[in-house]
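The values are calculated or read from the model by the stated rules, or taken from the named source; none is laboratory data. This structure is a prediction, so every number in the text was calculated from the model and none was measured. Backbone-built Cβ (ideal geometry, glycine too); neighbour counts: all protein chains shown. In case anyone asks, the SASA skips ligands and DNA or RNA and just uses the protein heavy atoms, side chains included. Shrake-Rupley method; radii C 1.70, N 1.55, O 1.52, S 1.80 Å.
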Amino acid sequence: MKPTMNVEFCGVEFKNPVLTASGTFGFGREYSSFYDLSELGGICIKGITPKKRIGNPPPRIAETPMGILNSVGLQNPGIDAFISEELPFLKQFDTRVIANISGNTVSEYCEMAEKISDSQVDLIEMNISCPNVKAGGMAFGTSSSMVFDVVSETKKYAKKPLVVKLSPNVTDITEIAVAAENAGASGLSLINTILGMRIDIKTKRPILHQNTGGLSGPAVLPIAIRMVYQVKKAVKIPLIGMGGISCGNDAVEMMLAGASLVSVGTACFSNPMAPIEVRDGIQKYLEDCKRSSVHDLCGGLIEY
Ligand SMILES: Cc1cc2nc3c(=O)[nH]c(=O)nc-3n(C[C@H](O)[C@H](O)[C@H](O)COP(=O)(O)O)c2cc1C
């Protein structure tokens, strides 16, 4: 018998635990020529802001060993264009849609949460951890008192489950996680990218126009696993784990550390089929271990 793959997360049923990570999957259109998006557990959209943003000037991607550094800077068409032009496309598919929202101020987060709650999205992911811009910036996500304030205010306007996306660019991620939980977050997602920098030794200039950017991809997997493990012990709300997942075994590790759902990001750039392969890899792991359900994985770590 095949293991069951469905997961309930914040009261929402997912057909399988594999999502795409915000900013690495656009609004799904480009990937829909590779496979039926209904195969996915869910799609997390590119981060949206109250108004259209063109993002940072190029160069805004730098290659690194085992990952990439980006400083895209929340390029997006704005919340209204997302709701009228992109959401109807995504709703053709039998998969969950997670809106990723970013703001410059507490009131912008509230305004976005209110507006997006009236749309057909299933969950709201609040990005308070983007290292590349002020909007959605780490300014909010790196102080527990500011996290508490912005999450508790936004929660008043969110009529859908509110997932708070945490920054790894902090000394103690559990403090931030607890602040978000105390403020009423329904769930947490982690990790966003890790602040990094590269320099072109010929020109002596930073490779990225913004000087610094966010590191993602396989290089960050062990950091993400460690943070999910720590946060799982610190809070009761469920977690979405991401950071460097590119195969089923990476996802199994993330789930054993404490994630209920997993997201695949940078891996999609080099292998558009990565989320499907991750899903199939989780299923194969369960079959090989003769487990009947993916639920058996979350937090199943056996410590020394
Ligand atoms: C090019 C790029 C753009 C991203 N844009 C967003 C974004 O708009 N909002 C957000 O919350 N995270 C954004 N992220 C972070 C990812 O969603 C994810 O948290 C991070 O890349 C770690 O996962 P990965 O190693 O699988 O890519 C972006 C990442 C990349 C590489």
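Key figures
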{"read-out": "Residue check for Pro88: open to solvent by 10 Å² or more (accessible area, probe 1.4 Å), more than 29 Å from Leu221 (Cα to Cα), assigned to a loop (DSSP other than H, G, I, E, B) and at pLDDT 95 or above", "value": "no"}
{"read-out": "Candidates Ser102, Ser71, Ser119, filtered to the one that is touching a strand residue (DSSP E or B) at 6+ places or on another chain (Cβ under 6 Å) and either closer than 18 Å to Val163 by Cα or surrounded by fewer than 21 Cβ atoms within 10 Å (Cβ to Cβ) (or both)", "value": "Ser102"}
{"read-out": "Residue check, Phe82 touching a strand residue (DSSP E or B) at 6+ places or on another chain (Cβ under 8 Å), of a type in the set (Phe, Trp, Tyr), closer than 30 Å to Pro206 by Cβ and at pLDDT 95 or above", "value": "no"}
{"read-out": "Search result, residues across the range 156-178 that are charged (D, E, K, R), under 30 Å from Gln120 (Cβ atoms) and either within 16 Å of the ligand (Cβ to nearest atom) or surrounded by fewer than 18 Cβ atoms within 10 Å (Cβ to Cβ) (or both)", "value": "Lys156, Lys159, Lys165"}
{"read-out": "Failed condition for Pro77, given (1) closer than 24 Å to Val278 by Cβ; (2) surrounded by fewer than 23 Cβ atoms within 10 Å (Cβ to Cβ)", "value": "(1)"}
{"read-out": "The range 222-245, residues that are assigned to a helix (DSSP H, G or I) and open to solvent by 20 Å² or more (accessible area, probe 1.4 Å)", "value": "Pro222, Ile223, Ile225, Arg226, Tyr229, Gln230, Lys232, Lys233, Ala234"}
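For (1) open to solvent by less than 20 Å² (accessible area, probe 1.4 Å); (2) among the hydroxyl-bearing types (Ser, Thr, Tyr); (3) touching a residue at least 12 places away in the same chain (Cβ under 8 Å); (4) in contact with a Leu (Cβ under 8 Å, 6 or more places away or on another chain), each residue gets a yes or a no:
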position: Ile194; (1), (2), (3), (4): no, no, yes, yes
position: Met197; (1), (2), (3), (4): no, no, yes, yes
position: Ile201; (1), (2), (3), (4): no, no, no, no
position: Gly217; (1), (2), (3), (4): yes, no, yes, no
position: Val220; (1), (2), (3), (4): yes, no, yes, no
position: Ser270; (1), (2), (3), (4): no, yes, no, no
position: Lys284; (1), (2), (3), (4): no, no, yes, no
